[in-house]
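For reference, the structure discussed in these notes is given below.
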């Protein structure tokens, strides 16, 4: 089982939650670094750079090379949250969706 059990969450020390969250964030950061390294090895960054350069050379519409090419856009996830909240009418389910979103940040 991964993560914090319900008994640990409700009955244990509140600092334990922050320990789990800190460990999770460090684990995610190491996965991002590993993914960036694998992307670099496979040539994804070079492919993206060449495609942007060719697009700018032969197209009227210019695009820019992204500052963080393969990282998730937080604004996109916020709009996804808003879309899910608009679809749901039940107040309890809306609260669950919102809590799950903020708990996973």
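The values are calculated or read from the model by the stated rules, or taken from the named source; none is laboratory data. Keep in mind it's a predicted model, so treat the numbers as computed, not measured. Cβ placement follows ideal geometry from the backbone for every residue including glycine, while neighbour counts extend to all protein chains displayed.
Could you tell me which residue of region 49-79 is modelled with the lowest pLDDT, considering only residues that are more than 22 Å from residue 29 (Cβ to Cβ) and within 25 Å of the chain's Cα centre (by Cα)? If you could, list the steps in order and put the result at the bottom.
From region 49-79, those more than 22 Å from residue 29 (Cβ to Cβ) are 49-65, 79; that's our starting set.
Next, from what is left, pick out any that are within 25 Å of the chain's Cα centre (by Cα): 49, 51-52, 63-65, 79.
On the way: 49: 90, 51: 91, 52: 91, 63: 87, 64: 88, 65: 83, 79: 79.
My answer is 79.
Which one of 17, 65, 45, 37 is surrounded by 10 or more Cβ atoms within 10 Å (Cβ to Cβ) and outside any helix (DSSP H, G or I)?
Values: 17 fails: outside any helix (DSSP H, G or I); 45 fails: outside any helix (DSSP H, G or I); 37 fails: outside any helix (DSSP H, G or I).
Just a single option satisfies the conditions, and that option is 65.
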- request: Of the numbered conditions (1) at pLDDT below 80; (2) assigned by TED's automatic domain parsing to the domain that holds residue 32, residue 99 fails exactly one; give the number of that condition.
  value: (2)
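Quick one: in region 1-14, of everything that is outside any helix (DSSP H, G or I) and modelled with pLDDT of 85 or more, which residue is surrounded by the most Cβ atoms within 10 Å (Cβ to Cβ)? Spell out how you get there, then give the answer.
In the first step, residues of region 1-14 are kept if they are outside any helix (DSSP H, G or I); the result is 1-5, 12-13.
Keeping just the survivors that are modelled with pLDDT of 85 or more gives 12-13.
Values: 12: 12, 13: 9.
Ranking the candidates gives 12 first.
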